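Visitor: Please see the structure below; I have some questions.
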Amino acid sequence: MPALDDFSEDGPSIQWPLPQRDPGFPPAGPALRLGVMASGSGSNFEALVRACREGRLHGEVALLVVNNPGCGAQDRAERLGVPCQLLDHRQHASREALDHALVAAFRQARADLVVMAGWMRIVTPTLIAAFPDRLVNIHPSLLPSFRGIDAVGQALAAGVALSGCTVHLVNEAVDAGRILVQAAVPVLPGDSRERLAARIQRQEHRILPLGVRLAARALGIEGQ
Ligand code: GAR
């Protein structure tokens, strides 16, 4: 008999994604203003925009910041009509300088929460301290396993049978802040990095909006 708050699909033997608590609907209060940071294709950014527009997340993406000109995330922002700002790390003298610019951009956008949705740069205390418990990251592994770069490759090299993704708060240690939500996927025989990454990404798109809601609820800014 599944628990009342088990929202995962039924499966004959093993369940994945793992059972997750859903904070419940409908949220009250003003819509969350989200800032999003992306470096690459931007599929998680788009998943957040869609969750907002389809009513699964009571919010809107107020600003996307990208660090790579012409990246997929920038194209998606244009197609989706989301304000997008380029802050190219190559144009900033240090990590801190880039993070000061990020803080200014998200403050100006009046972001309640900032989501690192495929941001491939290490962030500094400058950004973390500006958004305490309000900076959320998504990482393609079941943390605390496989922190850092190429988490999918690390999982394949380790020969694990289950992999997945984690939405967590950001602190000063890399990929180590408080876990908000996770989903697991199987590693199948013959998986390539691309095939496993695609399987993980389908779950990322599902749990990222949920993780954002859980972070907002913990802060008391989503409404009860
Ligand atoms: C996602 O799989 C995300 O978990 C990963 O980058 C990908 C971005 O995809 N992030 C990290 O590896 C951060 N350590 P997307 O641009 O299509 O959203």
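The values are calculated or read from the model by the stated rules, or taken from the named source; none is laboratory data. Predicted model only: the values in this text are computed from it and were never measured. We place every Cβ from the backbone using ideal geometry, glycine too, and count neighbours over all the protein chains shown. These accessible areas exclude ligands, DNA and RNA; they are computed on the full protein's heavy atoms, side chains included. Shrake-Rupley method; radii C 1.70, N 1.55, O 1.52, S 1.80 Å.
The rows are residues; the columns are (1) out of contact with any Lys or Arg (no Cβ under 8 Å at 6 or more places or on another chain); (2) in contact (Cβ under 8 Å) with a residue 60 or more places away in the chain; (3) assigned to a helix (DSSP H, G or I).
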position	(1), (2), (3)
His100	yes, no, yes
Arg107	yes, no, yes
Val114	no, yes, no
Gly118	yes, yes, no
Val123	no, no, no
Ile128	yes, no, yes
Ile138	yes, yes, no
Ile149	yes, no, no
Gly153	no, no, yes
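Visitor: Residue by residue through segment 11-57, note down the ones that are at pLDDT below 75 and among the hydrophobic types (A, V, I, L, M, F, W, C).
Guide: Result: Ile14, Trp16, Leu18, Phe25, Ala28.
Visitor: How many residues are among the β-branched types (Val, Ile, Thr) and out of contact with any Gly (no Cβ under 8 Å at 6 or more places or on another chain) if we restrict to segment 188-209?
Guide: Looking only at that region, the number is 1.
Visitor: Here is a follow-up. Please verify whether Ala129 is under 29 Å from Arg107 (Cα atoms), of a type in the set (A, V, I, L, M) and surrounded by fewer than 15 Cβ atoms within 10 Å (Cβ to Cβ), treating the condition exactly as stated.
Guide: When the stated conditions are applied, Ala129 passes them.
Visitor: Same structure, new question: In segment 25-41, which residues are without any contact (Cβ under 8 Å) to a residue 60 or more places away in the chain and within 16 Å of the ligand (Cβ to nearest atom)?
Guide: Residues satisfying the conditions do not exist here.
Visitor: Taking the residues in segment 36-94 that are of a type in the set (Asp, Glu) and not in a helix (DSSP H, G or I) as candidates, determine which candidate is surrounded by the most Cβ atoms within 10 Å (Cβ to Cβ).
Guide: Per the stated criteria, the residue is Glu60.
Visitor: Here is a follow-up. Among the residues of segment 145-156, write down those that are surrounded by fewer than 20 Cβ atoms within 10 Å (Cβ to Cβ) and within 14 Å of the ligand (Cβ to nearest atom).
Guide: Within segment 145-156, Ser145, Arg147, Gly148, Ile149, Asp150, Gly153, Gln154 qualify.
Visitor: Continuing with this model, one more query. Mind checking which residues of segment 42-78 are within 15 Å of Leu208 (Cα to Cα), in contact with a strand residue (DSSP E or B) (Cβ under 9 Å, 6 or more places away or on another chain) and more than 12 Å from the ligand (Cβ to nearest atom)?
Guide: Ala51, Cys52, Arg53, Leu57, His58, Gly59, Glu60, Val61
Visitor: Another one. Within segment 95-110, take every residue that is more than 16 Å from the ligand (Cβ to nearest atom) and open to solvent by 20 Å² or more (accessible area, probe 1.4 Å) and give me the one that is nearest to Gly59 (Cα to Cα).
Guide: This residue is Arg110.
Yes/no matrix, rows are residues, columns are (1) among the small types (Gly, Ala, Ser); (2) closer than 26 Å to Asp150 by Cα:
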site: His89; (1), (2): no, yes
site: Ser94; (1), (2): yes, yes
site: His100; (1), (2): no, no
site: Ala117; (1), (2): yes, yes
site: Pro125; (1), (2): no, yes
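Visitor: In addition: Is one or more of the residues making up segment 117-126 within 12 Å of the ligand (Cβ to nearest atom), aromatic (Phe, Trp, Tyr), open to solvent by less than 60 Å² (accessible area, probe 1.4 Å) and at pLDDT 95 or above?
Guide: yes
Visitor: Something else now. Looking at segment 179-208, which of its residues are of a type in the set (Val, Ile, Thr) and either within 11 Å of the ligand (Cβ to nearest atom) or within 18 Å of Ile149 (Cα to Cα) (or both)?
Guide: Ile200, Ile207
Visitor: If the requirement is being in contact (Cβ under 8 Å) with a residue 60 or more places away in the chain, open to solvent by 20 Å² or more (accessible area, probe 1.4 Å) and closer than 27 Å to Leu57 by Cα, which of these qualifies: Ala218, Ala183?
Guide: Step by step, each of Ala218, Ala183 is checked, and only Ala218 is in contact (Cβ under 8 Å) with a residue 60 or more places away in the chain, open to solvent by 20 Å² or more (accessible area, probe 1.4 Å) and closer than 27 Å to Leu57 by Cα.
Visitor: Among the residues of segment 157-178, what is the count of those that are open to solvent by less than 70 Å² (accessible area, probe 1.4 Å) and more than 11 Å from the ligand (Cβ to nearest atom)?
Guide: 9
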